[in-house]
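Visitor: Sharing a structure here in structure tokens format.
We did not get these values from a lab; they are worked out from the coordinates using the rules stated. Just so it is clear, the model here is predicted, and its values are computed rather than measured. Note: ideal-geometry Cβ built from the backbone for every residue, glycine included; neighbour counts use all protein chains shown.
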Amino acid sequence: MKQLSIFKSIKASLAREISQLDDPRIPPDLTLTKIDFSRGYGKLDVYISSSSSKKKKTIMHTMNIAKRRIISRALSGLRLRKIPKLDFFWDDTVEKAFKINEILNKSLPND
């Protein structure tokens, strides 16, 4: 039960810090979609998404530059044995869903 509480706290803190990034290269709709935790919270894989997928490289580069600041601010109030390594990944699930939807809409006959 305690692990679930820590998980929720880390996720909420990371989401808050990401939303508060003050960088023009980060779009306002940047969303934390998923976090994968390694055993013992030594590594966090953070998946992010945005409608600005054409700027994906710039966004990912900016997030990787800011990750030390993000992790230190997000975890400042939490008691963890060690500071986890943070890695960002682009989540293209929404983009794929839109493409599938377009294909389905084109293949269905118009009424």
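Visitor: Calculate the dipole size of the chain relative to its Cα centre from +1 charges on Lys and Arg beta carbons and -1 charges on Asp and Glu beta carbons; express the result in debye to the nearest 20. Write out the running numbers ahead of the final one.
Guide: On the way: 23 positive and 12 negative charges, 155 e Å.
Rounded to the nearest 20 debye, it is 740 debye.
Visitor: Roughly what % of DSSP beta bridges within the chain run antiparallel, to the nearest 5? Walk me through the numbers on the way to the answer.
Guide: Working: 6 of 12 bridges.
Here the share of antiparallel DSSP bridges comes out near 50 percent.
Visitor: Sequence neighbours fewer than 8 away in the same chain don't count; with that in mind, list the aspartates and glutamates whose C-alpha is under 14 Å from residue 34.
Guide: Straight-distance partners of residue 34: 45, 87, 91, 92.
Visitor: Which links in 8/67; 54/85; 43/67; 56/96; 8/85; 67/99 stretch past 22 Å when you go from one Cα to the other? Before the final figure, lay out each step's value.
Guide: Working: 8/67 19 Å; 54/85 27 Å; 43/67 13 Å; 56/96 15 Å; 8/85 18 Å; 67/99 31 Å.
Over 22 Å apart, Cα to Cα: 54/85; 67/99.
Visitor: Still on this model: At a Förster radius of 30 Å, what calculated FRET efficiency corresponds to the Cβ-Cβ distance of residue 9 and residue 102, to the nearest 0.05?
Guide: Working: r = 39 Å, r/R0 = 1.29.
Efficiency, rounded to the nearest 0.05: 0.20.
Visitor: Here is a further query. If the elastic network links every pair of Cα atoms under 10 Å, which of 85, 34, 99 fluctuates the most in the Gaussian network model of the chain?
Guide: Per the Cα network of the chain with a 10 Å cutoff, 99 tops the list.
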